[in-house]
1. Scan the stretch 145-191 for residues that are open to solvent by less than 60 Å² (accessible area, probe 1.4 Å), within 19 Å of Q131 (Cβ to Cβ) and either assigned to a helix (DSSP H, G or I) or small (G, A, S) (or both) and jot them down.
2. Can you tell which of R221, R198, R215 is touching a residue at least 60 places away in the same chain (Cβ under 8 Å), in a helix (DSSP H, G or I) and either within 15 Å of the ligand (Cβ to nearest atom) or not aliphatic (A, V, I, L, M) (or both)?
3. I'm checking my understanding of the structure. Among residues of the stretch 147-189 that are of a type in the set (A, V, I, L, M) and farther than 19 Å from E125 by Cβ, which one is farthest from the ligand (Cβ to nearest atom)?
4. Which of the residues belonging to the stretch 124-144 are within 21 Å of T43 (Cβ to Cβ) and away from the ligand (no atom under 16 Å from the Cβ)?
5. Where residues in the stretch 66-93 are out of contact with any Phe, Trp or Tyr (no Cβ under 7 Å at 6 or more places or on another chain) and part of a loop (DSSP other than H, G, I, E, B), which of them is farthest from R28 (Cα to Cα)?
6. Checking A100 against (1) open to solvent by 20 Å² or more (accessible area, probe 1.4 Å); (2) part of a loop (DSSP other than H, G, I, E, B); (3) within 16 Å of the ligand (Cβ to nearest atom): exactly one of these is not met. Which one?
7. Mind checking whether some residue in the stretch 113-122 is in contact (Cβ under 8 Å) with a residue 24 or more places away in the chain, within 16 Å of the ligand (Cβ to nearest atom) and among the hydrophobic types (A, V, I, L, M, F, W, C)?
Amino acid sequence: MAEERVPARVEDIMITSGGQQAIDLSIRTFVDPGDIVLAEGPTYPGAVPCFTTYEAQVIHVPMDGDGLQVDLVEEALDRLAAEGRRPKLLYTIPTFHNPAGVTMSRERRERLVQLAHERELLVVEDNPYGQIRFDGERLPTLYELDAGAGWVIYLSTFSKILAPGVRVGWVAAPQAVLRKMNLGKQAADLCSSTITQRFVIEYMRNHDWREHVARLNVVYRSRRDAMLRALEEELPAEASWTRPGGGLFVWATLPDYIDARDLLAMAIRREVAFVPGAAAFLDGQGRHSMRLNFSYIPEERISEGVRRLGLAVSEMIEIHRAFEGGG
Ligand SMILES: Cc1ncc(COP(=O)(O)O)c(C=O)c1O
């Protein structure tokens, strides 16, 4: 938390079983069936089952290159207010978004927190990727900008800076919220494994974790660059994609006659997989998009994977042309 310059005391924090449980507990704590939740469109695919389990009605707010369009959050709040409704919370990943690969600008962060204060909007800020940075300056977290006013719940994890297998994450929230979340935590698993927590403590004490993260970022940066180069070479001109300054993902969008799920079937035959965009929406959007991961495999395999993906896309384009009589 200090590294993100987020002021937090031990009593502001609850350890969870990964960031995933922190999302589950925040939704479980606040959302009753039918309650409205605002989320970016696309949102983290792993948050989707949390929203559906607690029967949230999710309204997606679009993003652009500067992240969540905060003016559209305001419009959504106005629209809902006109119907006598309001959202229980906004779930957002401001930094190096999964899956969109974009980062919310400083101006939008400031405006969002101001809006949260003006409209009493609870914001759940999920920040697993803040340290996985390749370019640009660190931006303040929403939790920091909230300055203890209590409108932001902050979540993070050791999954991306140490290892996902340790399943250690955390939430920082006001005391009253933590007390409620703690009830849910007890119902779920009593407490997170103290053995893996001890492992994390020993690691942080005895190793230079900042050095480790710096090394990860060197590796991931060149993998990101390899993926961006390969996309430029292999995807058709009608496709577009994000250029993430950090995190693990590129979000690519294809012409609207290509359904990414059909493309996935073709790509898997060539031993390439991606997450189809529809998995990141609860309202049927995202059918022409895909989430591509660049952190996992070495550069030469990224180039080969994108080459095969490009072949699968060409195949889809040919099928489309054949049926549409375009050639
Ligand atoms: C945005 C986001 N939140 C939460 C998580 C969950 O992380 P963990 O492995 O710590 O449960 C992930 C993992 O991919 C993620 O991308």
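The values are calculated or read from the model by the stated rules, or taken from the named source; none is laboratory data. Keep in mind it's a predicted model, so treat the numbers as computed, not measured. Cβ sites come from the backbone with ideal geometry, for glycine too, and all protein chains shown count toward neighbours. Heads up: the accessible areas ignore ligands, DNA and RNA and are worked out on the full protein's heavy atoms, side chains in. Shrake-Rupley method; radii C 1.70, N 1.55, O 1.52, S 1.80 Å.
1. L145, S156, S159, A163, V166, G169, A172
2. R221
3. L183
4. L139
5. Looking at residues that are out of contact with any Phe, Trp or Tyr (no Cβ under 7 Å at 6 or more places or on another chain) and part of a loop (DSSP other than H, G, I, E, B), I get D66.
6. (1)
7. No - not one qualifying residue is present in the stretch 113-122.
Results for (1) surrounded by 13 or more Cβ atoms within 10 Å (Cβ to Cβ); (2) within 15 Å of the ligand (Cβ to nearest atom), shown as yes or no for each residue.
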{"site": "T16", "(1), (2)": "yes, yes"}
{"site": "V31", "(1), (2)": "yes, no"}
{"site": "Y44", "(1), (2)": "yes, yes"}
{"site": "C50", "(1), (2)": "yes, yes"}
{"site": "V61", "(1), (2)": "yes, no"}
{"site": "E74", "(1), (2)": "yes, no"}
{"site": "E83", "(1), (2)": "no, no"}
{"site": "K88", "(1), (2)": "yes, no"}
